[in-house]
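Notes follow the structure.
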Amino acid sequence: MSRHRVYIDKQTPSVYQGLTKAAAELRTRAAEAGLSRTTLELVNIRVSQLNRCLFCLDLHTRIALEEGESTQRIAVLPAWREADLFSEVERAALAIAEAVTEVTGDHLTDEQYAAARAQLSDDQVSALVWSAIMINTFNRISILSRHPIKRR
């Protein structure tokens, strides 16, 4: 007998509301640190690609497009290192996002961290690490709950 998945965000809404409040606070702090919403959405999309989170990929791609991100840059995001389309700040953000997400593989080496730090302030590093942690958390909620997407 098959049972439907529990949508843990709906089952325990106070915890989920706390996470959404933290995410909103994080967006504010990131903006204050000089990070654009599109940079944050690139992080959200890249992490969601790595985690294969259907719901978050759909949501954050839509938000990125609404914020003015191009379909070209979203399409080549898995190969961002080879694409000459991303700024140094965005490259640093994506390197941090991948390091936070891929915890069983290689982490940021000291050299890679130094390269990111050359582009980012302390506040930006903090906001980006927290952003990657946050989207990883939301990915796991959606993946384990199997949140569906609707055709638009």
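Observations
- Top-ranked residue in segment 73-94 [being open to solvent by 20 Å² or more (accessible area, probe 1.4 Å) and among the aliphatic types (A, V, I, L, M); ranked as nearest to S131 (Cα to Cα)]: V89
- Residues within segment 20-47 that are buried (at least 18 other Cβ atoms within 10 Å of the Cβ) and of a type in the set (K, R), tallied: 1
- Residue count for segment 134-152 satisfying the condition of being within 13 Å of N44 (Cα to Cα) and crowded, with 16+ Cβ neighbours inside 10 Å: 5.
- Complete set of residues in segment 73-122 that are of a type in the set (G, A, S) and assigned to a loop (DSSP other than H, G, I, E, B): A83, S87, G105, A118, S121
- Residue in segment 64-72 that is at pLDDT 95 or above, assigned to a helix (DSSP H, G or I), open to solvent by less than 20 Å² (accessible area, probe 1.4 Å) and not charged (D, E, K, R) present: yes
The values are calculated or read from the model by the stated rules, or taken from the named source; none is laboratory data. All values reported here derive from a predicted model rather than from experimental measurement. Note that each Cβ is placed from the backbone with ideal geometry, even for glycine, and that neighbours are counted across all protein chains shown. The area values use the complete protein model at the heavy-atom level, side chains included, leaving out ligands, DNA and RNA. Shrake-Rupley method; radii C 1.70, N 1.55, O 1.52, S 1.80 Å.
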